[in-house]
Amino acid sequence: MDSNTLYGEKIASKWTTILFAFVTAFFMFMMFYQIFVGPLGDYPAPTWVLIVLTVIFLFLTINFRVMTIELTPEFLSTGFGVVKHRIPWEDIERGWEDESPLWTYGGWGIRFEKSHGKRRLAYTVPQTPRVALSLKRGRFQEFIFSTRKPGELIGLIEEMTSST
């Protein structure tokens, strides 16, 4: 985050990272076992499948370990690693604290859903409050994201959207 940042937050999940790292290690073990020791079982998966699964879960472990939120004078940005969603202030109509039940968005990660006729994009972290934004244009009518400081963020969002 640079000096132009009005607000920045990083939310990490130790347990999500441990889970993804465990699955990555499992596929890596199976891959190396099959390469150096021999086939796994009577009908082993092709080695290339184990390599692809290892790479996929390694990417998930690294990319989704931290969610970032950044507010600048030009936009609001939320993301997991290389997967980010940036919204210019002029596209945001209003913001509020999302009161939807915890299970609405599932667990950690990026979710797409349709609720009350509106398409929603959600960047969520379990057991963390969420802020919802009503958007003026784009593929989604609402954008929801987790934050540890919903009140502070809603105040900044109101300030930024009233000046556009």
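The values are calculated or read from the model by the stated rules, or taken from the named source; none is laboratory data. A quick note: this is a predicted structure, and the numbers were derived from the prediction, not measured. Virtual Cβ from ideal backbone geometry, glycine too; neighbours counted across all protein chains shown. In case anyone asks, the SASA skips ligands and DNA or RNA and just uses the protein heavy atoms, side chains included. Shrake-Rupley method; radii C 1.70, N 1.55, O 1.52, S 1.80 Å.
Computed values, structure above
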| item | result |
| --- | --- |
| Charge sum, other residues only, whose C-beta stays under 12 Å from Lys136's C-beta, Lys/Arg counted +1 and Asp/Glu -1 | -2 |
| Antiparallel bridges, percent of DSSP beta bridges restricted to the chain (to nearest 5) | 90 percent |
| Euclidean distance of C-alpha centroids, region 8-55 and region 134-154, integer Å | 34 Å |
| Glu97-Ala12 FRET efficiency (beta carbon distance; Förster radius 22 Å; 0.05 resolution) | 0.50 |
| Calculated from backbone phi, Karplus (6.51, -1.76, 1.60) coupling profile of region 53-61 in Hz, x at Gly/Pro | 5, 4, 5, 4, 6, 5, 4, 4, 4 |
| Gyration tensor (alpha-carbon) shape descriptor, region 65-159, a/c threshold 1.5 | rounded |
| Mean separation of Cα contacts under 8 Å, 6 or more apart, over the residue count of the chain: relative contact order % | 19 percent |
| Glu159 versus Asn4: modelled label distance in nm, points set 7 Å from Cα along the beta carbon direction | 1.9 nm |
| Mean accessible surface per residue for region 1-97, computed with a 1.4 Å probe while every protein chain stays in place, in Å² | 61 Å² |
| Amide H contacts of Leu6 (H built 1.01 Å from N, under 5 Å, at least 5 apart or other chain) | Leu71, Thr72 |
| FRET E, pair Ala25, Arg137, Förster distance 41 Å, beta-carbon r, rounded to 0.05 | 0.40 |
| Longest segment of the chain lacking GluC sites (Glu not before Pro) that sit in a DSSP loop with at most 16 other Cβ atoms within 10 Å | 1-73 |
| Neighbourhood charge, 13 Å Cβ-Cβ cut-off, centred on Ala12 and excluding it, Lys, Arg +1 and Asp, Glu -1 | +3 |
| At R0 = 25 Å, FRET efficiency that the Cβ-Cβ distance of Phe112 and Lys84 yields, to 0.05 | 0.95 |
| Region 8-14 - phi-based ³J(HN,Hα) in whole Hz, Karplus 6.51/-1.76/1.60, Gly and Pro as x | x, 8, 10, 10, 10, 10, 4 |
| Karplus-derived 3J(HN,Hα), 6.51/-1.76/1.60, for each residue of region 145-157, Hz, glycine and proline x | 8, 7, 7, 7, 10, x, x, 5, 5, 4, x, 5, 5 |
| Val83 long-range amide H proximity, modeled H, under 5 Å | none |
